Number of protein chains: 6
Amino acid sequence: MQRPSGRQPNQLRDIEITRNFTCHAEGSVLVSFGKTRVICTASVEQGVPRFLRGQGQGWVTAEYGMLPRSTGSRMGREAARGKQGGRTVEIQRLIGRSLRAAVDMKKLGENTINIDCDVIQADGGTRTASITGACVALVDAINYLQREKIITTDPLKQMIGSVSVGVYQGVPVLDLDYPEDSAADTDMNVIMGEDGGFIEVQGTAEGAPFARDELNAMLDLASSGIQELISLQKAALAG
Amino acid sequence: MQRPSGRQPNQLRDIEITRNFTCHAEGSVLVSFGKTRVICTASVEQGVPRFLRGQGQGWVTAEYGMLPRSTGSRMGREAARGKQGGRTVEIQRLIGRSLRAAVDMKKLGENTINIDCDVIQADGGTRTASITGACVALVDAINYLQREKIITTDPLKQMIGSVSVGVYQGVPVLDLDYPEDSAADTDMNVIMGEDGGFIEVQGTAEGAPFARDELNAMLDLASSGIQELISLQKAALAG
Amino acid sequence: MQRPSGRQPNQLRDIEITRNFTCHAEGSVLVSFGKTRVICTASVEQGVPRFLRGQGQGWVTAEYGMLPRSTGSRMGREAARGKQGGRTVEIQRLIGRSLRAAVDMKKLGENTINIDCDVIQADGGTRTASITGACVALVDAINYLQREKIITTDPLKQMIGSVSVGVYQGVPVLDLDYPEDSAADTDMNVIMGEDGGFIEVQGTAEGAPFARDELNAMLDLASSGIQELISLQKAALAG
Amino acid sequence: MQRPSGRQPNQLRDIEITRNFTCHAEGSVLVSFGKTRVICTASVEQGVPRFLRGQGQGWVTAEYGMLPRSTGSRMGREAARGKQGGRTVEIQRLIGRSLRAAVDMKKLGENTINIDCDVIQADGGTRTASITGACVALVDAINYLQREKIITTDPLKQMIGSVSVGVYQGVPVLDLDYPEDSAADTDMNVIMGEDGGFIEVQGTAEGAPFARDELNAMLDLASSGIQELISLQKAALAG
Amino acid sequence: MQRPSGRQPNQLRDIEITRNFTCHAEGSVLVSFGKTRVICTASVEQGVPRFLRGQGQGWVTAEYGMLPRSTGSRMGREAARGKQGGRTVEIQRLIGRSLRAAVDMKKLGENTINIDCDVIQADGGTRTASITGACVALVDAINYLQREKIITTDPLKQMIGSVSVGVYQGVPVLDLDYPEDSAADTDMNVIMGEDGGFIEVQGTAEGAPFARDELNAMLDLASSGIQELISLQKAALAG
Amino acid sequence: MQRPSGRQPNQLRDIEITRNFTCHAEGSVLVSFGKTRVICTASVEQGVPRFLRGQGQGWVTAEYGMLPRSTGSRMGREAARGKQGGRTVEIQRLIGRSLRAAVDMKKLGENTINIDCDVIQADGGTRTASITGACVALVDAINYLQREKIITTDPLKQMIGSVSVGVYQGVPVLDLDYPEDSAADTDMNVIMGEDGGFIEVQGTAEGAPFARDELNAMLDLASSGIQELISLQKAALAG
C-alpha cells in the first residue's frame, strides 16, 4: 500500500499553527493540516445564554463554515441559501461539545467563548483541524480573560487535540487527506485530551463494517497522532 | 451500583417491535425500548435524487422528528419554528447513513426508500430505537419491492441493530434510559451488523474523558446487546 | 346510493377514544374515527403569551401535523421544508379557535394549554377527529390543573365535538371517509357544543354550489352525530 | 339596537367598484365596502402549475396581503418577517377556492389566472370585499383571454359575490364594519353564486354558540346582500 | 434625440401628490411621477429600536414593496417567497437613510417614524418617487407629533426630494420613465435637500463608463428638477 | 487636520495583492488595504442562469460575506441567522454590477464567473477592497478560460478599481479606514475603469449634505487613487 501523499501510515501531514492571524479576536489561529487550512477564532463575550443565566458558570460554543470555494467545485453559500446544511450543523456541534470538555465552566464564570472555525481551503480533515486549532485560540482567549482580570483562576482542564484515522486499502492510516478520505473503507474522528483519555470517538463504516481489531489499530494511531498534535499546540503557545 | 430501573448492567429494556402499525406505508413499525416509543415507516418511491440519476442504483434516506410532547416538557414544533434543530439533523443523518450500510444500492435499482422515525414517547435512546425499528420497516419495504416484482434480487446485505451504552456511576451499562442518560459520564451509540462488524461508533465524554478499557467494556456490552436486538428483529419479521 | 364503507348515511365510523396514550402530557388521547387516527395531547404551561399578560386570563392554542406517511403517498415533512403548509395552518387555527370556545379564560387563570394534534394515519376527517379527541385531552389537562390546585374552579364551559358531513352522490351523509371525501360535491365541517349550539360551521362547494335544503339536511346529520360523539367523549372520561 | 354606522340591519355599506385601476394587469379593480378598500388584480399566465400539466385544464389561484398601515396600528410587513401569517394564508386559500368555483377549468385551457388582493385600507370585511372585487377582475381577465383569442369559449360559470353577516347586540346584521366585527357574538362569511347557491359558508361563534334560527336569519341577510352585490358587479362590468 | 414620452430633456413627468390618501396613518400620501404611483405612509410609534434606547433620540426607518402586478409581468409576492429580494432591500435602505438626513433625531425624542412605500403601479423611478412622496408623509407625521404635543420643537431640518437622471441616446435627461430607464447608458439617482446640498448620489454605468462632464450635466439636471419637486411638495403641504 | 493614521489626504493605505492565495479556485486573491483583508475568489462554471440561457452570452455575479469576528465585536453568522443582512445584499449587488461592467458578456460565451469576497479582517473600505481584489481574481479566471481554450477571445474590457473617499474634519481624504469612516461627514465609494470613466459613484451624506465642490474634490482624489490601484493590480498580474 502506498499513500497518495507518500506518507507513512502513522505520519501526520505538515502541521502549522499560526497565532494572532487576525487582529480583533481574543484568540485567532490559522491552522494547516497539509493543504487543509482553517481560521479559528475565539471571541469573548460577557454573559451566558438564557438557559444558563444565574448559575455562576460559563459557556463555550462553536460555529463552522466553509468558504464557498474552499473546495474543488464551488458550493452554494449557506448564508445565501438561508440555512446551514446538515453536515455543517453536525460538525459545529462536535466542535463545541469537544471544547466544552476542555474547560471548567465554573472557573470560566458567567462568560461565553464563541469559537468560529472557517475553512478557507479544504483537503480532508477539516473538523479535526478545526478542533486542534480552536483549542489554541481558546487558550489565547482564556489568557486574555485572566490578563484582563475578568477571571482569576485558569479554567483550562487540559489541552485537547483531534485527528482522523481510517482504513485505506486495508491499512489503518493517520490523518487522511481528501484523496484518501474519499476512498477509505472506514473513517474515524478521534478527540483526545492531553491525559490520553477520549473526549469523542466517531467511527463510520463507509463500505464494509469494520472489525474490533481494525478499531483498535485506528485508536492506537489516533492516540500517538494526537499527542504529537498537542506538542505542536504547546510549542505554538510557547512561541 | 443500582440502576434506577433495577436492571442488570447488561440487560436491555423490554423491547417490542410491532409491524404494520399504520396501514399506508410499505413498512410500518412501532418500536418500544421500554417507555421510548418510535413509529418507523419505510416509504418506497420510484426514482432517486438528482445526484444519483442514471447510475442504476438506489438510495435510502431518513428523517427524524419528535412529537412536541413526547418529552417531559413540551418542545416547540420544528415545523412551526421553520427549521429542524441541530440534534434532529445529526440524528437523521446517522439513521440514514446506518441503514444505507445495510443495503446493496445496485440491487435496489433506481428506487428510493424514505425512512421516517417519529418519536411519540421519549425516555432515552430514541436514535438507537429508531435505527433498530427502522431496519425492520426497511425489510418490509424491500419485501414489498420483491413481491411487486419491482426488483428481482434481495438488496439487504444484513440486519443491523443499534443500542446505547454508557458509564453510569462508574459502571458500564447497556441501553440507558433517560434518568441514566442524563447522569452518565460517558454516552456511546453503537450500530452493528448481524456479522458482528461495526457500522458506526459514536462515543462522547459527558464528564471526564473515558479510558481505553472503559471503551472496550462498553463495546462488549453493545455487541451482545445488539445481537439480542437482531434476534428480536428476526422474530418480529418471522411473526 | 351505497356508501363505499357500507355505512348508513347517518352512521358514524367506529370511534375509539384512548386516554393516557402517552405518559408525559397532562392530557394524552389517541382518537380513531375508523382508520383515521390522531394523537391529541394537551400540555399545561404556566403563563400566557405576551399579548395577554397581566389580564388575569388564560389561553388555549393548537398545532396540527401529519406524519409524512400518514397518507397514501408520502408527503414532505413540514419541518424539513421549513414551513407549515396552508392547509396545516388553516386546520390548526380552526382547532384552537374551537377549543377556546369551550373554556372560560378567566377561570383558567394565567395558564396556557397547548394542544397538539398529530395524525398518524389519515382516512378523511382528520380535523374533526382532532377536535373531538383534543377536547378529551383538554378536559384531562383541566382536571390536572384542578387536582394540582393551580386553579380552583372548573373553566370548562361545555364539551364540544366535531364531525364532517357532505353530499355524496346526491345524498347527505355523516362522517366522510377519504373515498367519500374525495368524491363529494359538498364538504362541511361542523363543531357544536353539548348544548346544541354551533361553534363553527365551514361548508365548501367542491363541485356545484349547494342549496339551502342541502345545507339544512347536512346540519341535521351533524347535530345528531356530534351528540353521539359527545356521549362517547363522556364515556371515555368516565372510564 | 343602533348600528355604529347608523345603517339598517340589512343595509350594505357604500359599495364602489372601479375597473382598470392600474394599467398593467389584465383585470384591475379597486373595490370599496365603505372604508374598506382593496386592490384586486387578475394576471393571466400561460401554462399551469406542475400538478395540472398535460390535463388540458386551467387554474385560478389567489394571494392576499395588507399594506402595513392599512390598519389602525401598523402591522409588521410579512415580506420582512419572512412568512405569511396564519390569517393571511387562511384568507387567500378561501379567495382562491371560491373563485375556482366560478370557472370551468376545461374551458380555461392550460392558462393560469393569478388573483392578488391587496388591502390598502381596512375597516372590516376585507375578505368578502376581496372576493367581490376579484370576481370582477377575473371577468376582465377572462374577457382579455377571449379578445386575444387565447381561448374560444367563455369559462365563467356565474358571477360570485361575498359578504359578511353577524349577530351584533343580539340582532343579525349585514356587512359588518370593524366596530361591529370586533364586538359581534357571531361572525359569518358567505360566498354565493348568481344562481343563489352557496359556494362557501364559514360561521364562527366569537362568544356564545349560535343557534339554528340565528344561522338561518344570517343566511337570509347574506342571500339578499350578495344578490345586490352581484348587481353592482354587473353594472360595473357594463359601465 | 426624441424622448419616448415627447418630453424635453429637463422636463419632469406630471407629478401629483395626494395627502390623506388612506385614513389610518399619521401621514399618508399617494405620489405619482407620470404612471409610477406609490402609496407612502408614515406611522408614528412610541419608543425606539433597542440599539437606541435611553439615548434621548428618535429614529426613522423605511420599508419598500411592490404589489405583484404593479409591473408589466407579475412578480412573485415577496411575503409568499419568504424573503425580500436584493433590490427591495437596497431601495428601502436608501429611503430610510435619506429621510433620516432630513430629521433632527434629538428633537424627535424617543419616537420612531416608520415609512412604508408600496408601489401600486411602476413605470420607472419608483425609488425617487417614493422618497419624494415619503418626505411629505413624514412632515404630516411630524405635524401630528407636534399637534398632539408629543414633541415640542420641529425636528424637520429641511425638505428633501429625489429624482433620477440618465444619459439616454447620448443626451442627459431628467426623470426617466421605464422605456428610457431600460435603454439608458447611465442611470443616476440623486437626493438633495432644499438647501441644494447632496444627501445621496448613486450613479451606475449600465453600458459604457460615464465621463466627468456627463456626471456634471446629470447633476445640473437633478438639481433643478429636485428644486421643482420641493416646490410641489410644499404646495401639497400648504393645500 | 491630522488623519488618525498619519497619512496624507491623498494617500492610499498599504496595498497588497496576493494571487493564488487558495488552491482550488480559478482565481484566488488575498487583498489588503491596510488592515482590511479580503479573500476574493473567482470560480468558473459552465452554463448561465436560467434567465440568460440560449442567448450566447455569459454572466458574472458576486457574493460577499464577513467572518463573524472580522470586526471589533463579533457579529452573528449570517448562515446561522438564516438570511443575509441588508448591508451584505447591497454590497454584493454592487460588486457584481461593477465587475460585469468590466466584461464583454458575448465574448465570455455561456459561462458564469462567480465572485466570492470574504472579509477576514475589517478596518473600513471592505467593499472597495473587495472590488479591487476581485478584478484581479476575475482576470485569473478569464486567463484560465483562455488557457483551457473554453473561450478564444479575451472578454476583459478593461481593469476596474475602487476606493472610498470622504470628507473628514472638513477635508476631503482618500481611502478611509474605520476610525475615519465612522467619523466622516460624507462617505463616497467610487468605481472607475482604467480609461478614467466612472462605473459607479455612491455618495452619502452622513451628517450635513455635501456641496458640489466637495463632490468634485472627492472625485479628484478617487480618480488618482484608482489609477494607482490599477497599476498595483497590473503589477500583481505581471508578477
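All of the numbers you see were taken from the coordinates with simple rules; none came from a lab. All values reported here derive from a predicted model rather than from experimental measurement. No Cβ is skipped: glycine too gets one built from the backbone with ideal geometry, and neighbour counts run over all protein chains shown.
Listed values, structure above:
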item: Residue with peak Gaussian network fluctuation, chain B [Cα springs, cutoff 10 Å], from B:Gly203, B:Gly54, B:Gly124; result: B:Gly54
item: Pairs of Cα atoms farther than 58 Å apart, the protein assembly as shown, %; result: 26
item: Radius of gyration, Dmax [the range F:188-239; alpha carbons; angstrom]; result: 13.2, 44
item: Residue-count net charge about A:Thr88 - beta-carbon cut-off 12 Å; Lys, Arg +1, Asp, Glu -1; result: +3
item: In degrees, nearest ten, helix F:86-100 long axis to first principal axis of chain F (Cα); result: 60
item: 222 nm mean residue ellipticity, helices alone, for the protein assembly as shown (DSSP H n ≥ 4; -39,500 (n - 2.57); rounded to 500); result: -10000 deg cm²/dmol
item: Sites excluded, trypsin sites (Lys or Arg not before Pro) in DSSP loops with at most 13 other C-beta within 10 Å, longest stretch of chain B; result: B:54-148
item: Rounded to 5, the percent of DSSP beta bridges in chain F classed as antiparallel; result: 85
item: In chain C, lysine pairs closer than 19 Å at Cα, eight or more apart or cross-chain; result: 6
item: Integer Hz, Karplus 6.51/-1.76/1.60 couplings in order for the range E:103-119, x for Gly and Pro; result: 10, 8, 5, 5, 5, 6, x, 7, 10, 10, 10, 9, 9, 10, 10, 10, 7
item: Intensity falloff of the range E:1-139 expressed as log10 I(q)/I(0), Debye formula with alpha-carbon point scatterers, at q = 0.15, 0.20 Å⁻¹; result: -0.78, -1.19
item: Angle between chain B longest axis and helix B:126-147 axis [Cα atoms, degrees, rounded to 10]; result: 20
item: P(r) histogram, all alpha-carbon pairs of the range C:1-44 included - 10 Å bins from 0, percent; result: 27, 37, 21, 13, 2
item: Viscosity 0.890 mPa s, temperature 25 °C, Stokes-Einstein D of the range E:15-238 from Kirkwood C-alpha radius, µm²/s; result: 137
item: Choice from D:Phe51, D:Phe21, D:Phe33 with maximal GNM fluctuation in chain D (Cα, 10 Å cutoff); result: D:Phe51
item: Relative contact order [Cα under 8 Å, 6+ residues apart], the range B:15-238, whole percent; result: 21
item: Residue of A:Leu174, A:Leu67, A:Leu229 that the Gaussian network model of chain A assigns the largest fluctuation, springs spanning Cα pairs under 10 Å; result: A:Leu67
item: Charge sum, other residues only, whose C-beta stays under 11 Å from A:Val136's C-beta, Lys/Arg counted +1 and Asp/Glu -1; result: +1
item: Charge sum, other residues only, whose C-beta stays under 11 Å from A:Ser162's C-beta, Lys/Arg counted +1 and Asp/Glu -1; result: -1
item: Per residue convex hull volume, Cα atoms of the range C:75-176, in Å³; result: 133
item: Kirkwood hydrodynamic radius of the range E:64-113, Cα pairs, Å; result: 13.1
item: 5 angstrom amide H check on C:Gly109, placed H, neighbours 5+ away; result: C:Gly58
item: 37 °C / 0.692 mPa s Stokes-Einstein diffusion coefficient of the range D:130-203, Kirkwood radius on C-alpha pairs, µm²/s; result: 232
item: Size of electric dipole in the range F:15-238: Cβ of Lys, Arg +1 and of Asp, Glu -1, about Cα centre, debye, nearest 20; result: 960
item: Residues A:Gln8 and F:Asn143, FRET efficiency given R0 of 41 Å [Cβ-Cβ distance, rounded to 0.05]; result: 0.60
